[in-house]
Each structure stands twice: as C-alpha cells, then as structure tokens.
Protein chains: 2
Amino acid sequence: MKSFPTRAIVREVGLRDGLQSIRTILPTARKCEWIRRAYEAGQREIEVGSFVPARLMPQLADTAELVAYAKRLPGLVVSVLVPNLKGAERAFEVQAHALLVPLSASRAHSLANLRRTPDEVIAEIARIRSARDASGSRTRIEVGISTAFGCTIQGEVTQQEVLRCMQAALDAGADRVGLADTVGYAGPGAVRALFEKARGIAGQALACAHFHDTRGLALANVYAALEAGIERFDASLGGIGGCPHAPGASGNASSEDLVFMLEEMGVHTGIDVERLLALRAQLPAWLPGETLHGALGRAGLPKSSATGASNPLASEIQ
Amino acid sequence: MKSFPTRAIVREVGLRDGLQSIRTILPTARKCEWIRRAYEAGQREIEVGSFVPARLMPQLADTAELVAYAKRLPGLVVSVLVPNLKGAERAFEVQAHALLVPLSASRAHSLANLRRTPDEVIAEIARIRSARDASGSRTRIEVGISTAFGCTIQGEVTQQEVLRCMQAALDAGADRVGLADTVGYAGPGAVRALFEKARGIAGQALACAHFHDTRGLALANVYAALEAGIERFDASLGGIGGCPHAPGASGNASSEDLVFMLEEMGVHTGIDVERLLALRAQLPAWLPGETLHGALGRAGLPKSSATGASNPLASEIQ
C-alpha cells in the first residue's frame, strides 16, 4: 500500500479561475480581504488574477494592485496568469513570484481560446523566458498544460500530445509544469497514468495538478495524483468557476473540501479548515446569485472531527 | 503502484436507502420499471426494499411484491433490509437471495434508531441465523456495520468497537459483513485504514462498502476501499437518500457517477452508464420536488468518452 506525502500545497485560484467566469466584479477591497483571510487561514500560494486586457476581463483589471497587496504578506507566494509575453512583462514589472502560462494540448481549444496553435504558444513561452532572463526578473515561469485529459471541442487529446507539449514547454524554458483537466473530463485512471508518465519526463519540475469537478471526480483525481507523487493542487474557494457555456457544470475542486480530505488523509496543508469555511461563508454575500459548490459548505464538519462541529446540523440525528 | 481489481459490483440501494427517506410513495409499477431498467443496464444486485412495519415506512410496504418481481430476472441478486428476526422471517418466506441486517457500531445511534444496543442486535443476528438454518432457507445473511466512521449523535466511533461488532456479527453467523459510512463522515484515510484492518479479520467475508456523499468524499472513499481490496459497493441512482434531519446533505454515492469512475479506472462493472443515465433521467418525474445528486446527471458524459456524448452541453466550448 503506497503511502502518501506528508505535506501538500493547496493553491487558491478562485480569485482568477473562479472570478474570471463570474459576471460580478468583486471590488478590490473585497479581493484584498479574501487574500488576507485566506492567508490567515494558512494558505501560502494564491493566484490573484490575470494580466489580460481589461476590456476582455474587467473582473480582473485590478491584478497589479492585488499583487502589490499580496506581496506584503510574509511568505505568501503570489502568482498571476498571463496569456502571452505582454502579460508576462506586466508580471515582471510588479514582481509577481510566479506567472502561469496556459498551454492547451488541444489544438482546437488553443485556437478557440487564444487564436494560436500550441506550437505558437510554445514559441511565446521561449520569448517569455528570454525576456525574464534579460530583465533580471526572478518571477518563476510555470506552464499549465490545459485540456490535458480531453477537450470539449475536439474530444480526445492524446497522452502523446500532452507529453510532447509538456516537454516542449520545458525545452522552451519553463521552470515548472503542471497538468490541468480544464473541462472536467479526467477520471482517476487517466490521472494516475498520465501523471506517472509526465513525472518520468519532467521529474520534480512537474509540480501542479489542476482539476475541475464537473463530473464529481476532482477529489478522487487528487487521490490518484497524490499516488503519482504530486504535492501541489489548484483549488477554488466554494468551487467557483466553471464554464459559462456549460450550465450546471461545477468549477474547480473546492479548496475547503480538498483541504478537509488531505488533512483527513494525514497530508498536512498548513490550512485551518474552520477558518477557510468561515471565509467561504462570505461568498454568498460577495457573489450574489452565483452557484457555489463544495460539500462542506452545505454539510459542515463532522461532529467527530478534531476541529469540532462548526455546523449545528451535523450534530442532529440522521 | 497498486493495481485495482478488474471487476466490481455496484449494488443499487436507491429503492431502499433512497426511497425510505423520501416522502413520495413510488407506485409498485414504477419500482418494477426501475428494477427492470436497472437490470437491462447491467445491474445484477438490487436491494429492493425493507421488511419493516408498513405503518413506519409506507414507502416500502410493497417489498414482498418487488422481491417476487425481481426474482424473475435471471441472474439478478435480490436483497432486502431487515431490522430484526420478524423481518428476516419475511425475507425467508419470499426467498430473497440475501438480507441485510444493519448493526450500528455507535451505541447511541443503535438506541435511537432501533431501541436496541449493538449487543442486542448481535443476539438478534444469531437468532436470524438459527431461524434461517432451521427453515432450510438459502437466503444469505449480510450484516452492515453502520456508523462505522463516526456518528452524528455520539461523534467518534472507535475502530476497536467497529471491529468488535464485525467480529461478533461473524461469530453470530453472518455470511458476509460490510462497513457503512451511514452519516457521511468518512475520508479516504480512515477508509483505507479501517477496511485494511477489517479485511485482516474477516477475509473474503468482508464484502461491501457503503458510502454517503454528504461531504463530497464518496468517490474518493471508493478509491481508497478499492485499494484495500473491496470489490462491491452500494450506491443509489441520482444519489437519492440522505437524511431528513440534515437538510442539504447528500445521500448515497450516485450509482451513475460511481459506475463512470470505476469504468474509467478499468474496473469493469458490467453496467452501461448511458442506459443508467437514461433511467436516472426519469427520476425528476418520478420523484417530483426531490433534490437529486450526482454530477453526470447535470454535466453528461465527456465528449471523449468511449460511449460518446449523451448531453449536447458537453460538446460546447468551455
């Protein structure tokens, strides 16, 4: 029986992957409160936004301010998503600790979302690396291989193509790579198989798994990725996110449920799930009308939990 | 890396564990249609009801008729739940293939639900075994150790007490035992630890895992139980069930999501998930106003699935 890692990182991506698909524009002060309280709950990696044109994504127009705010919290790793060199240059300017470039292994998805082929994105990653090195910036370059388990447009995405893109991203100068199930197609069988192969190629540079819960398998997929040696997971408070084109689909793995599961398994996250749940309880007021996901937000902690029952419902007779 | 079993059984318990907590009384003809269509989808074990007093649970008053109907389907294993000897005698009369006696490892839960201590239930199991053998009945006696991972009334339930109850049930004459997370408290860490210990005691007589999805961990728990060698899982179509005393709590693991996950992992169930989803699509009309659970019912199958996209939403751009 394989043992699990003793520690794992849950990176909060709700402020980026969550808010980008939600119409409500959360005021900057609220986002800062979110970042501060997530930090106080113990989160030490937060993706605070994207450097994309504000006319395309006004929800994320305050990303530079958020980086500046978040960088004042000691020990917090502050990351941003960037689609291209222009965005990366802004990340260097604000001295984000890390930037994430999405590289879709699905050609059809890449063209639909970025109007670029995967190989054109790989060439851009090389330009980002050159610019980073030339500027003296210390921003870490991460590449997330998206649609790594299938694509809603083209259907199947082969393992071969995913691994080719990952290798090419490393060759182009990525410091780290991760695999993302952007559309919620992955199951634990595919996760274990692909992460094991990717680990064989990338070694410790393979440092992130990003799952969506569209088909209810995000947490089982985390389990499978843990077994393949992954110790860093993206997640979103209240599971926000999802896709505006797929009503009813869930977003990312819920941060609070993921932390609860990992801690239960003896995989320490450094995160206090009760404080995270208290923060999660703000979301209905902050994002009125949005569907929130995640089971703990509904059901509360078990009565037998070491942290006690935070929800009176959980102590009633079933 | 541990390999998974090549086959697993998904036992449908929606007609019992699901319907017992739903006010709507599903007509017998509808239940027969459910059984027939589940059978046509490939399900080969179905718990069709309970032998409890009809005044307590009018939803399940037609259990004898359902056993008679279901027994006409070749190769289908027809089981019923019984709380006591009286119920067991009815199961023998109608020649159910198997009966399930719930034995709560939580004393508080046992007293609240059955007005009996665990030891009194164990004594009843011995009487059921004697009656079965005296009657010449071939009904298999299964004991489900409920609240095996915690209890909403007393909180913690110790592994020691769960294993003591399981051993006592076997000593009293149970043919098989299983472990049930009746209230949705289990996480994969506890599941793996407890099932491994239970397997060490019961060997192949440990033959069922029963998870509720209250905290979103049912499928991750199945994964953990598979690793502990379990190959038989209870589940409920549309995840119906749950607890009338815990609003918002989910019911059992959803049959359709569980089958989808197992098949994706290469663990064959013999069940056609598309046919199961077609049956699941009837539930809103059959059980108006009931909250249904499970992700596949919302999101449909992935476009890349071998069985194809059954849901047009799944083919849109995300």
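The values are calculated or read from the model by the stated rules, or taken from the named source; none is laboratory data. Note that the structure is predicted; figures quoted are calculated from it, not measured. Cβ atoms come from the backbone with ideal geometry, glycine included; neighbour counts cover every protein chain shown.
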Just to verify a result, which residue in region B:21-31, among those that are crowded, with 18+ Cβ neighbours inside 10 Å and at pLDDT 95 or above, is nearest to B:GLY270 (Cα to Cα)?
B:LYS31
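Given B:ALA68, B:ALA29, B:ALA64, B:ALA38, which one is under 21 Å from B:PHE260 (Cα atoms), part of a helix (DSSP H, G or I) and of a type in the set (Gly, Ala, Ser)? So that I can check it myself, show each step before the final result.
Values: B:ALA68 fails: under 21 Å from B:PHE260 (Cα atoms); B:ALA29 fails: under 21 Å from B:PHE260 (Cα atoms); B:ALA64 fails: under 21 Å from B:PHE260 (Cα atoms).
When all the criteria are applied, what remains is B:ALA38.
Yes/no per residue for (1) among the acidic types (Asp, Glu); (2) within 28 Å of A:GLY187 (Cα to Cα); (3) crowded, with 16+ Cβ neighbours inside 10 Å:
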position	(1), (2), (3)
A:VAL94	no, no, yes
A:HIS97	no, no, yes
A:SER104	no, yes, yes
A:LEU114	no, yes, yes
A:ARG129	no, no, yes
A:ARG132	no, no, yes
A:SER135	no, no, no
A:GLY150	no, yes, yes
A:ILE153	no, yes, yes
Out of the residues in region A:276-296 that are farther than 17 Å from A:LEU19 by Cβ and more than 9 Å from every other protein chain (Cβ to nearest Cβ), which is nearest to the chain's Cα centre (by Cα)?
A:LEU276
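Results for (1) within 12 Å of chain B (Cβ to nearest Cβ); (2) more than 17 Å from the chain's Cα centre (by Cα); (3) not hydroxyl-bearing (Ser, Thr, Tyr), shown as yes or no for each residue.
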position: A:VAL191; (1), (2), (3): yes, no, yes
position: A:PHE195; (1), (2), (3): yes, no, yes
position: A:GLY200; (1), (2), (3): no, yes, yes
position: A:GLN204; (1), (2), (3): no, yes, yes
position: A:HIS212; (1), (2), (3): yes, no, yes
position: A:LEU219; (1), (2), (3): yes, no, yes
position: A:ALA228; (1), (2), (3): yes, yes, yes
position: A:SER236; (1), (2), (3): no, no, no
Looking at the structure I just gave you, is A:GLU93 in contact with a Ser or Thr (Cβ under 6 Å, 6 or more places away or on another chain) and either under 30 Å from A:ALA220 (Cβ atoms) or modelled with pLDDT of 95 or more (or both)?
no
Restricting attention to region A:182-199, report how many residues are touching a strand residue (DSSP E or B) at 6+ places or on another chain (Cβ under 9 Å) and not in a loop (DSSP other than H, G, I, E, B).
6
For region B:77-85, indicate whether the set of residues that are of a type in the set (A, V, I, L, M) and over 17 Å from the mean Cα position of the chain (by Cα) is non-empty.
yes
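If we scan region B:174-185, do we find a residue that is more than 14 Å from chain A (Cβ to nearest Cβ), charged (D, E, K, R) and either on the phi < 0 side of the Ramachandran plot or more than 17 Å from the chain's Cα centre (by Cα) (or both)?
Residues of region B:174-185 that are more than 14 Å from chain A (Cβ to nearest Cβ), as a first pass: B:174-179.
When the remaining residues are screened for being charged (D, E, K, R), the result is B:175-176.
Checking the rest, the ones that are also either on the phi < 0 side of the Ramachandran plot or more than 17 Å from the chain's Cα centre (by Cα) (or both) come to B:175-176.
Yes - at least one qualifying residue is present in region B:174-185.
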Considering only residues that are of a type in the set (Val, Ile, Thr) and over 16 Å from the mean Cα position of the chain (by Cα), which ones fall in region B:23-52?
B:THR24, B:ILE25, B:THR28, B:VAL52
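Can you pull out every residue in region B:128-160 that is hydroxyl-bearing (Ser, Thr, Tyr) and touching a Phe, Trp or Tyr at 6+ places or on another chain (Cβ under 7 Å)?
B:SER135, B:SER137, B:THR139
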Yes/no for B:THR147 being within 10 Å of chain A (Cβ to nearest Cβ), more than 23 Å from B:ARG11 (Cα to Cα) and touching a Ser or Thr at 6+ places or on another chain (Cβ under 8 Å)
no
Just one of the numbered conditions (1) of a type in the set (Val, Ile, Thr); (2) within 13 Å of B:ALA180 (Cα to Cα); (3) touching a residue at least 60 places away in the same chain (Cβ under 8 Å) is not true of B:VAL162; which one?
(3)
Read through the list (1) touching a Leu at 6+ places or on another chain (Cβ under 9 Å); (2) more than 8 Å from chain A (Cβ to nearest Cβ); (3) at pLDDT below 95; (4) closer than 19 Å to B:THR182 by Cα, then give the number of the only condition that B:PRO244 fails.
(1)
Residue pairs within 9 Å by beta carbon, gap of at least six or interchain, first lying in region A:250-275 and facing chain B (nearest Cβ under 8 Å) and under 20 Å from A:LEU19 (Cα atoms), second in a helix (DSSP H, G or I) and not hydrophobic (A, V, I, L, M, F, W, C), listed first then second, are A:SER250/A:GLY239; A:SER250/B:ARG298; A:SER254/A:GLY238; A:SER254/A:GLY239; A:SER254/A:ARG280; A:SER254/A:GLY297; A:ASP257/A:GLY239; A:ASP257/A:GLY297
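Let me confirm something: among A:ALA278, A:ALA235, A:ALA224, A:ALA220, which residue is modelled with pLDDT of 95 or more and either surrounded by fewer than 20 Cβ atoms within 10 Å (Cβ to Cβ) or of a type in the set (S, T, N, Q) (or both)?
Numbers: A:ALA235 fails: either surrounded by fewer than 20 Cβ atoms within 10 Å (Cβ to Cβ) or of a type in the set (S, T, N, Q) (or both); A:ALA224 fails: either surrounded by fewer than 20 Cβ atoms within 10 Å (Cβ to Cβ) or of a type in the set (S, T, N, Q) (or both); A:ALA220 fails: either surrounded by fewer than 20 Cβ atoms within 10 Å (Cβ to Cβ) or of a type in the set (S, T, N, Q) (or both).
Of the residues listed, the single one that is modelled with pLDDT of 95 or more and either surrounded by fewer than 20 Cβ atoms within 10 Å (Cβ to Cβ) or of a type in the set (S, T, N, Q) (or both) is A:ALA278.
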Scan region B:178-201 for residues that are over 19 Å from B:GLN167 (Cβ atoms) and of a type in the set (Asp, Glu) and jot them down.
B:ASP181
Within region A:200-209, can one find any residue that is assigned to a strand (DSSP E or B) and closer than 22 Å to A:HIS293 by Cβ?
yes
Can you find, within region B:1-22, the residue that is farthest from the chain's Cα centre (by Cα) among those that are more than 14 Å from chain A (Cβ to nearest Cβ) and among the basic types (Lys, Arg)?
B:ARG7
